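Down below is the structure, laid out as structure tokens.
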Amino acid sequence: MAEPMTSAPALDFETFVGERADALLRFAYVLTGDKSLAEDAVQDALTTACARWGRVSRADDPEAYVKRMVVNAHISWWRRFRRREAPVPEPDRSAAAPDGTADRAQAEAVWELCKTLPDRQRAAVVLRFYEELSYAEIGVLLHCAEATARSHVHRALAVLKKTLTKEGADDA
């Protein structure tokens, strides 16, 4: 007996999830900064992608399509709850350990600063520097013009630079 025609796209979806789920989760974690939120965003995106797999699988880049769904899921979460992060206390910079702890602490401090950025600017910075996407690709994922993607990244970097410069002056 022949299998129904709908089983092939389901298998393709399962293959896609098997190959890309970890990368999508890492992407979502960098985007959200929280493991639980990342898992929720990926789950929401994959649930929607499964229901629409026929259309998603025909896209030029199904992975980019699903990443955009992850970004949308996270933005929707922010809109629903209108939650903002509480200020984070300054990390102790008095002693640097030679085992890479200082590098890890610095990376965590930079990430804490990134979490203070508006959602679209943070998404643009993550896509540019973590995913190493071009401005054109960022524009496609964020549904904006390439120039707007550049603007988001530029403004985010200006805020980060200003904050880091201010912190450096405060430490002196």
Taking into account only those residues within the range 128-139 that are at pLDDT below 90 and part of a helix (DSSP H, G or I), which is farthest from the chain's Cα centre (by Cα)?
129
Here are 102, 86: which of them is exposed (fewer than 12 other Cβ atoms within 10 Å of the Cβ) and modelled with pLDDT under 75?
86
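To keep it simple, each residue is scored yes or no on (1) at pLDDT below 90; (2) within 22 Å of the chain's Cα centre (by Cα).
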{"position": "97", "(1), (2)": "yes, no"}
{"position": "126", "(1), (2)": "yes, yes"}
{"position": "143", "(1), (2)": "no, yes"}
{"position": "148", "(1), (2)": "no, yes"}
{"position": "168", "(1), (2)": "yes, no"}
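The values are calculated or read from the model by the stated rules, or taken from the named source; none is laboratory data. These numbers come from a predicted model, not from an experiment. Note: ideal-geometry Cβ built from the backbone for every residue, glycine included; neighbour counts use all protein chains shown.
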